Structures are given as C-alpha cells and as structure tokens.
Amino acid sequence: MTQQQELGELAGQYLTFMAGNELFAIDILRVNEIIEVDTMTRVPRAPEFIRGVINLRGGVVPVVDLAARLGAGITELTRRSCIILVGVPHAGREQIVGLLVDEVREIIDIGPADLRPPPDLGGYADTGFIQAMAQVGQMFIILLHVAEILTHHEINQASAVAERLSGEADQAEPIQ
Amino acid sequence: MDDLTQTFIQESSELLTQMEDALLALESAPEDPELLNSLFRSMHTIKGAAGIFGFDPVVEFTHPIESVLDQVRSGERVLDEALAELLLQCKDHTAYLVEQVTGGAEIDPETEAKGRALIAQLTGQRVASAPVEGSEQGAPPPAPSAEQESTPPAGGSLWLITLQFGRDAFRNGMDPASFISYLGNLGEIVDLIVQLDHLPDADNFDPESCYLGFAILFSSGASQQEIQSVFQFAEDDCTLRIVPQAEIEAAFMASRDQLPAEHAQRLGKMLQAAGPKAADRVPGRAPGKQQGARPGASHESSLIRVDSARLGQLINLVGELVISNAAIKLRVEEQGLAELNELVETSEHLVEEIRDNALQLRMVQIGDTFSRFRRVVRDVSRELGKEIELVITGGETELDKTVVEKMTDPLTHLVRNSLDHGIEMPQDRIKAGKPPCGTLSLDACHDSGHIVIRIQDDGAGLDAEKIRRKAEALGLITPDQVMSDKEVYQLIFAPGLSTKEKASNLSGRGVGMDVVKRSIEALRGNIEIDSEPAVGTTVTIHLPLTLAIIDGFMVGARGERYVIPLSMVEECVEMDSSQWQLDEARRYVNLRGEVMPYLYLSEFLQIPEADQRARRESLVVVRIGQHKAGFVVDTLYGELQTVIKPLGSLFNGFRGISGSTVLGSGEVALILDVQGLIQAATAQMQLH
C-alpha cells in the first residue's frame, strides 16, 4: 500500500478544535461526546498533562490537558473550554479519556486529496501524535493520532511518577 | 453447550471435590460412616447424572468405582492407603472424562486404556481382599444401614417396579422414557405395562401434565438401592415402589383391590407369564421408606445458584443507590429542609442495610479454598518423601468471592514454597530435635476490616545469609548495606530471587514470589514474611474484605478532599504539641507512650499552597496489621459510604492513591492508599 493510499483511508468527517493556539482535528468516530468543564479533581503527583479526574455519570474518567501534553503549556480554563471524550486503546481495552481543549469548532469533511503525510522534522520533534496533515482552504490542520496521546512513553512517565512515589516509600527497604 | 450440560459439569466438579475431601478426611478418620457415605454418594450421583445425559464413557468408568465404594461403605472392604490413592486417581480420571465428554470429544484409546487399567487395579484388589465375590448376595453386611436392610436376593432375580410420575414431571424436564431406558443398563426389562388409570377424560386433559404410570417386571442382579438410584433424579416427581421377587405376589394381592379391574388383570397376567412363584414372606414395606431421603438434600434445596454477573450488577446498582442517597442528603442539608431529615435518615439506614446484605451475597468462606490444599500437601509431601500435616483454622472466615478467586494461585504458590523449601526431610528434622512430621498451618481471621491469612510452617526458616548473597549477586543490594534480618527476608519478593540451588518442578525458579506480591497488592492487600532459623517461617497476608463498597472517612487538606477507609482509622486527635510529644524534624509523635511516624498529607500529595493555613490541624491515626502512622490534615469531614471506582489503568502503580469515589455532590474524591502512606511515613522517619 502506498503512502497516498494509506492517507486516503483517513478521509472522512473530523471534529476540529483549538488547543494551545493550534487547530487540530480528530476522527469524529473516535469522539464519544463533548462536555462542559465542571469540577475536576486533581490527582496528586500525576504528570502535569493529567489535569485530573471527572465524574461521568458515575464513572471516573481521567482528563488530559492536550496543550500540556503537546508541550504548549497548561490550558487556562475559559468559558469556551471543553472536554472531548474519546475512546483510547490502552492495556488491551478501550479506555475513555477526556481531552481538555480551548474551544471546539466544527465538523468538516476531509477528502483524500486534502491529506498530507506528517512533516518530517528530522527527528528534532516528536511527530508521533500527528496522524496526517489536512489542507483546508489556506490552512493546515493537524489530524491527531488519538492512540498516541497515551503512548507507552507517557505511561512510562506516569509509572515513573509512581516509581518515584514508591521509591520514597521504600527507602527503608532499598531493594525494589 | 446447553444449560443442563453446564449444570452437569458444575455438579460433577462439586461432587468430585466432595469425594476428594472425603477421601482425604478419611485418612485421619477411616471409620467415619458419614464420610464413607458421602464418598459413595458422590460417585453414585455422578454416575446417575451421566447416565441420564447419556455420557456413557463416564457411566462405564464410574460404575465399578461405585460398586467398590459400596463395598467399602458396607464394611466388606477396608479403605487402606493404597485404595485411597487409587480412588484419588480415579477421581482425577473421572474429572478428565467429564471434561472430555461434555466438550463433545471422543474418548481416545489412550484415555480408555488408562481408565481400564485403573478399574482393573480397583477390582483386582477387590478379589484379593474380598475373595467371596458373591458376598453382596448373601452375608449380611456388618453394619447394615437403613437403606440396606433388604439385602438383594441372588443375581438375576425379579423385581416389580411400580412407578407413577407426578403431574409436573414434564414441566420439570423429566422424561420418563429416558429413566426406563437407563434402567435397561442394570438388567433386563422382562415386561412393562403402561398404567393410565390417572388419565383424565378429554375435557380435563392437560397436554403438559404427565399422567403416566408404569409397572415394570425387571430382572437384574442389582441391589434394590441401585435400582432405586436410577430414579434418583426424578425422586421428587414420582412415586416409586420397588418390590423384590419374594414379595411380588403379596404386594400384588394387597394392591389388587385398589387397582381398576383391567389393570389388575393385566398385571396378574404379566406376573403369571413371568411365572415367579415366590415363597411367602411378610409384605408390607412402607412405600415412604423406599424414597430413601438423600442426606443433605434439605440443605441443598435451601441454596440458590445465581449467576455472579447478576450479583455484580446488583452491587453496582446498590453502589449507585448509595451515591444518589448521599446526594439527596446533601441537598436536604443545603436547603435546610428539617422535616425531611428524618425520612432521609431512615432511607440512609435502609440503604446501608441493603448494601451490607448485597455485599454479604458475595461473601464465601475461605475454608473451601483452604481444603483444596489438602490434596496439594498430600501429593507434594509424598513426592518429596516428607511427612507433612496440614492444619486449617478459621476456615469459616468470609471474604469476597472475587478476592478468594484471585487468591487461589498466590496461596498455592506460598503453600508449595513452604512444602518444598520450608519443611525439612524427616531425618533432618529428627537431627534438629523436631518431630519427624512437619506442620503447615493455614489460618484466617478478621482484623479491622481486613482479612488476615497466615501460612505458617515449622521448617528450617529462611537463610538470611543465602538471600543476602543472592541479592548481592543480582545487584539488588550492595555488600556494605546494613540490613536487619527482617529486611533481608523481604528481599525474596524481589524478581528473580530464589535461593534454592536447583529448581524443582514445584518451586525454585524465582518467578513466584514477586508475582505473588504483585497479585496481592493488586487486591489492595499486602504480604509480609517473618522467619526464624530452625523454628519456621510465617507469611502473613492482609486483604480488604471487599472490592466494591466501603465505609469511608473523609478528610481535607488545603481544600482538597480525600477518603480513608474507615476500618483503617484508629483515632483522630488534635495536632497539638503541648499535648503530644512531637519531633518535628524527624517526624514522629509520641501518642500516649506509643511512638509512630507521621506525615503532612498536603506535603506528601503535593497539594498547592492554599491562601491561609488551617487554624487547627488534626492527626488521623491509621493502622494496618502492626504498622501505625499518623496523617496531618486540616479538616475532618466525617464518615461516608464510599463506592470504590477504579481509577483506570492509566493510574496503575500510583502508590499514594488506591481508587476514587463519587461524592453526593457529583465531585470525584480520591481514596488514599493507606498502605503506601504508612510505608512512606515509616521511610521518612528512618531517613532522618
């Protein structure tokens, strides 16, 4: 399969939104729902990009600050801030994760001709979270690779925190 | 696979477990009639059920076992060690057969040969130990039980079986024809009359009801009890009378007047055709006696099998009920609706009771899991040539079924470890001045909302030096590190550490203990090991009673709220240096003579600075097992019912937090991992 064919498979409807002053889009079929930001409970000692957990109809769902995750700083909460709930495959199961974004825009159609492969930044930047680029009018939109939002890299980071916690706890028992 | 087959599988496995338990228990009490009966019953019921389902390989295999067990029960044959061993093997083989036939597989020749070999061993021994092959026909059994008081006449004798099915037989899934065709396996059906005297006229006829009755002239060498057992599954749905040859005529005479003329005539003809002219004997056996009530049947009928998924759903719903009730309570308080207070209190009380009852449904006794190890201990000790006695205490301690299930593997591992590494060979034990027979004890009890499981052996104990050397070789510790023996023992939970020089097939590959530790921690429990050279090793496991709903205690630190499982809270005191002896630098407090570490929750959880420091701080003292620690918090909110929600795999391995819960206000509050916090506090104290 050529790269163009692979890209062609990505064509479809996308939800666009702003996060950290960038325009992103995710496959609409990945989106479970969009909710307003209500009270979030901070999770102590979690990585910065994990903003906290929310109560979603009795279930507890973690919220990832997308801008912080992509290295664009902590998202300021405004009137337009939203949480997009997406299903992310993790540890063999689909986990519902909330993405905290600045603003949700619209649903657009992206055809095969609009799609471009992710830019090659020569290893200077981690482009793993970019599934493809889409040209809409004069603008380029980043199609977000949802599965990459919580990659093993991040989980390791999260585990590192856990390790640090247990490390402190276990200094009396210096093995582990 | 249909439901009935499923039931068969489930029942057989329960019965086989029962059989194993009985066999193992008989080793210490070989004469116990109740155990012998239970042994017979389990094999007998499996055979009967397999017959009804048409699983012939199982019937063929179990039939001779049943006969042997019958002899054992009647005292004709002694249940010695060799026979017990053989019967255990037969039990395993039966389990395998059941698995095969219910899976729809054909029995391969190898399995069949194995079965035949087992049976040959069984019956071969029978000839040796009970040379009078015909003993079941003549000699009165030494200890006749009620069921056996009519010793069956010589092989090939005639029986008259009258069988009247109840109205509901069809509705209960009984098929009279299958019982009769199964009866054919025991002997020959000489003649059979269908009795339709209960058949109503066409207007009152209900096609779903059963009006069938049978009179069967049956020729067989089987005992009355064996014949009766054919109908065991229809026991509740039919009236059964089995009349031995000698009494047929008398019984016929007695009942002739009650029968419609036509029937009496046909029955008479049938008997005449068969031509038995039996000697006069006193008839009049009460039909009720034939029903031979199955012991334990009344107990069984008071139990209901429920799909565990349904129970899970019920508990989830109760969880939601708890949350919504908390929300109502909150609103009522906010709005100051005093007149509703009482109602809310009542419903809260009810919900609490429902919660406790619902959780109780999932509780099972740990004893069943423990007794599974009897077999393990027996087999392993034989294999290793050791003498080991298993002592079980606290088997009636209850805990959540999910927890029990997840504990089976770790427990098996620990037990095997003790058997393999812990307890020494008999000659070594004698040299060490101990009795040659080692003791392994399994003990369970409740302690402050936890269940404590202890696995204790009186073996050689752990070799601290050896563990140290190994850990050093693996680079887990440095040679100059100063450690107490107890600290060294905990090293065996590190991955890759096994001190056994040579791996046996039981243990010693060093993959076990870290897995054991992890699976116990996954259940929010903890495991500790203590050992004394030449005296023995004790492994102590603390587990939460349930994984679903707990009583929580809410505290606040710098505006954030956290829940501590109430059962772990010992007390709450004011954090007051004038009252308690505090060591601020080394972070420990002397509470009425008891010294314990403490930590500031806000610091440990890295809670951002609030605008102002709380005026009054409180110290919450928590305890797990013997470990105590204090947490300094700003606010005490009090008790609340907490439905534990998993925090998701994303947060796996976060030591400070063990889960989350939804408050009445809809907010999420995190549940503190007391275990992790105590460890952190202890570590911090020792660091200074």
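Bear in mind these aren't lab numbers, they're just calculated from the coordinates by the rules spelled out. Just so it is clear, the model here is predicted, and its values are computed rather than measured. FYI the Cβ positions are ideal-geometry reconstructions off the backbone, even for glycines, and counts take in every protein chain you see.
With both labels modelled 7 Å from their Cα along Cα-to-Cβ, the B:GLU334 to B:GLN89 distance reads 7.3 nm. Counting, for every residue in A:42-49, the Cβ atoms of other protein chains within 10 Å of its Cβ and taking the mean gives 6.
Each label was represented as a point 7 Å from its Cα along the Cα-to-Cβ direction; for A:ARG93 and B:GLN121 these points are 4.5 nm apart. Which whole-number percent gives the relative contact order of region A:22-62, counting Cα pairs below 8 Å spaced six or more residues apart? So the answer I get is 25 percent. Listed by Cβ neighbour count within 10 Å, with the fewest neighbours leading, B:LEU4, B:LEU158, B:LEU384 appear as B:LEU4, B:LEU384, B:LEU158. For B:MET575, nonlocal amide neighbours, meaning residues 5 or more places apart or on other chains whose placed amide H falls under 5 Å from its own, are B:GLU617, B:SER618, B:LEU619.
Mind running the shape call on region A:22-66? Use the C-alpha gyration tensor, a ≥ b ≥ c as the square roots of the eigenvalues: rounded below 1.5 for a/c, prolate if a/b tops b/c, oblate otherwise. Here region A:22-66 falls in the oblate category.
In order along region B:107-124, phi translates into HN-Hα couplings of 7, 6, x, 4, 4, 4, 5, 5, x, 5, 4, 4, 5, 4, 4, 4, 6, x Hz, rounded to whole numbers, per the Karplus curve 6.51 cos²θ - 1.76 cosθ + 1.60 with θ = phi - 60° and x for Gly and Pro. For A:VAL60, the shell of other residues with beta-carbons less than 12 Å away shows a net charge of +1, using +1 for Lys and Arg and -1 for Asp and Glu. In order along region B:176-181, the phi-based Karplus estimate (6.51 cos²θ - 1.76 cosθ + 1.60, θ = phi - 60°) of 3J(HN,Hα) comes to x, 4, 5, 5, 5, 5 Hz; Gly and Pro are listed as x. Using θ = phi - 60° and the Karplus form 6.51 cos²θ - 1.76 cosθ + 1.60, what ³J(HN,Hα) does each residue of region A:26-40 get, whole Hz, x for Gly and Pro? Rounded to whole hertz, the list is 10, 3, 4, 6, 7, 8, 7, 6, 10, 10, 6, 7, 10, 5, 10. May I ask for the distance between the Cα centers of region B:82-114 and region B:416-483, given as a whole number of Å? Using only Cα atoms, the two centres lie 37 Å from each other.
In terms of distances greater than 30 angstrom between alpha carbons, the cross-link table entries B:LYS431/B:LYS628; B:LYS47/B:LYS406; B:LYS91/B:LYS401; B:LYS470/B:LYS645; B:LYS91/B:LYS434 yield B:LYS431/B:LYS628; B:LYS47/B:LYS406; B:LYS470/B:LYS645; B:LYS91/B:LYS434. Here the residues B:LYS386, B:LYS269, ranked from fewest to most Cβ neighbours within 10 Å of their Cβ, fall in the order B:LYS269, B:LYS386.
Taking a Cβ cut-off of under 14 Å around B:GLU570, the surrounding Lys, Arg, Asp and Glu residues balance to a net charge of 0, with basic ones at +1 and acidic ones at -1. What is the local net charge at B:VAL539, summed over the other residues whose Cβ is closer than 10 Å to its Cβ (Lys, Arg +1; Asp, Glu -1)? With Lys, Arg at +1 and Asp, Glu at -1, the neighbours total -2. Here r is the Cβ-Cβ distance between B:ASP80 and B:SER484 and R0 is 56 Å; the resulting FRET efficiency, rounded to 0.05, is 0.65. Database remark: amide H of B:THR397 closer than 5 angstrom to the amide H of B:ILE366, B:GLY367 (H placed geometrically; neighbours at sequence offset of 5 or more, or on other chains; Pro and chain starts carry no H). Of the GluC sites (Glu not before Pro) found in region B:27-117, those in coil by DSSP whose Cβ has at most 11 other Cβ atoms within 10 Å are B:GLU31, B:GLU106. For B:GLY75, no residue whose modelled amide H falls within less than 5 Å of its own remains once neighbours fewer than 5 places apart on the same chain are excluded.
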